[in-house]
Amino acid sequence: MGSAGGEGSKRRYIYKSTAMKKYGLTRAQIEEAIRLGLITDYKYVQNPHSSSAPPALLIGEEELAAKLEEIKKLPRYTEAERARRRLYRARKKQLDEEVAFLCPICNWKIEPLRDSLTRKAFMRGDVTAEEAKIVAVVTHFRHAHTSYDRVRSDARKLARYLKPEEGERMVQALERYLRLKRRSSQRAREEREYLLEEFRWLKAKALEKAKREFTEIAIMRAKEAGLLPPDMTYERYAEIAEKVLEREDY
Ligand SMILES: [Zn+2]
C-alpha cells in the first residue's frame, strides 16, 4: 500500500472521485498511474456508510499534484471504455436518425422519452432501431391519437372493457370505497382494503383489454399515416414490445 513518507503529520488524502473532479482526471488515468507506480501514496478504506460497498480509494494529494502532468498524459479511457463510448454514440445517432420519426398528425419529431423503456432497451441493444421505432410509433399513437389516456383515467369508461357484471362490480367497489373513506372504524378499514383490492384487480383486467384494443387502433392509424409497414400485425408488435418490457420483470 502507500509509502510511509513525511513525518506522519498532516498529509491530506482525497477520495478518487474528488481527485477526478478537482484535477480533471479519469478513472482509467488514476488506475493506470497506480499500476505504473506514479502514484504510491494511496490507501483503501471501508465505506463508512455501507459495509457491503467496495472499499474507497484515498489518494495523497501532495504526490498527486506533484505528478499531475505525467498522469494527465496517460490515456483518458481504457480500450473497453472507448469501445463502450463509441457504441453509445453510434446508438445515440441511430436513435436520432432511425428511431425518431416525424408524426404527420402532430407535425413534430417524436422520439422515445429519456427514461422510456423503449429507449433503454434500444441503448442496451435488446431491440434493433427498426423494432424500437415500431414501439415508439405505436406508443405515440396510442397515447396521442386514440382516447386510451382518457379511458384509462376514468373508471367508468374503463369498466366497459369488462363483462357487464364485472364492470358493475368494479364501479361499485370504487364507489363504496370512496363512501367509506372517512370512516375510521376497524370494520370500515377492513372493508376498504377489500374493496380496494377488488377494484385494483378488476381495473388491471380492464386496462389490459383496453390497452390491447387501443394498441390495435394505434397500429391501424399509424399504418394509415405511413409510419408502419402495411403488414404489421398486433402479434408482431406484441412480440417486440415484450422484448422492451422483459428487463423490467426481474
Ligand atoms: Zn402524433
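Every read-out reported here was derived from the displayed coordinates using simple, explicitly stated rules and does not represent laboratory data. This structure is a prediction, so every number in the text was calculated from the model and none was measured. Using ideal geometry, Cβ is built from the backbone for each residue, glycine included, and neighbour counts are taken over all protein chains shown.
When both the range 132-168 and the range 59-108 are represented by their alpha-carbon centers, they are found 39 Å apart. Placing R0 at 41 angstrom, the Cβ-Cβ distance between R124 and K43 gives a FRET efficiency of 0.70 after rounding to 0.05. For the range 180-227, the calculated P(r) over all alpha carbon pairs, in 10 Å bins from 0 to the bin holding the longest distance, is 24, 26, 19, 15, 12, 4 percent. For the chain, the convex hull drawn through the C-alpha positions has a volume of 226 cubic angstrom per residue. With the crude spin-label approximation of a point 7 Å out along Cα→Cβ, what separation in nm comes out for A80 versus W108? Between A80 and W108, the label points sit 4.2 nm apart. Sorting the segments 234-246, 57-69 by their residues' average number of neighbouring beta-carbon atoms within 10 angstrom, most packed first, yields 57-69, 234-246.
Extent along the principal axes, Cα only, for the range 58-120: 62, 20, 19 Å, with the longest axis given first. The rule of thumb for compact globular proteins, 2.2 N^0.38 Å, goes into the C-alpha radius of gyration of the range 8-115 1.59 times.
Amide H contacts for I110 (H built 1.01 Å from N in the peptide plane; partners 5 or more residues away or on another chain; cut-off under 5 Å): F101, L102, C103. Placing pseudo-labels 7 Å out from each Cα toward the beta carbon at K67 and E166 gives an inter-label distance of 6.9 nm. When you filter the trypsin sites (Lys or Arg not before Pro) in the range 161-206 for DSSP loop state and at most 15 other Cβ atoms inside 10 Å of their Cβ, you are left with K181, R182, R183.
Starting from the Cα of K157, draw a straight line to each of the lysines and keep only those under 17 Å, dropping any in the same chain fewer than 8 residues away. In chain and number order, the partners are K203, K205, K209, K211. Put simply, the C-alpha atoms of the range 13-72 give a gyration tensor, and the ellipsoid matching it has half-axes of 21, 11, 10 Å, longest first. How far, in degrees from 0 to 90, does helix 234-246 lean away from the longest principal axis of the Cα atoms of the chain, to the nearest 10? That works out to roughly 40 degrees.
Straight-line cross-link partners of K92 among the lysines, defined as a Cα under 21 Å from its Cα and at least 8 positions apart when in the same chain: K109, K120, K133, K243. Taking every DSSP helix (H) stretch of at least 4 residues in the chain, weighting each as -39,500 (n - 2.57) and dividing the sum by the residue count yields a mean residue ellipticity at 222 nm of -18500 deg cm²/dmol.
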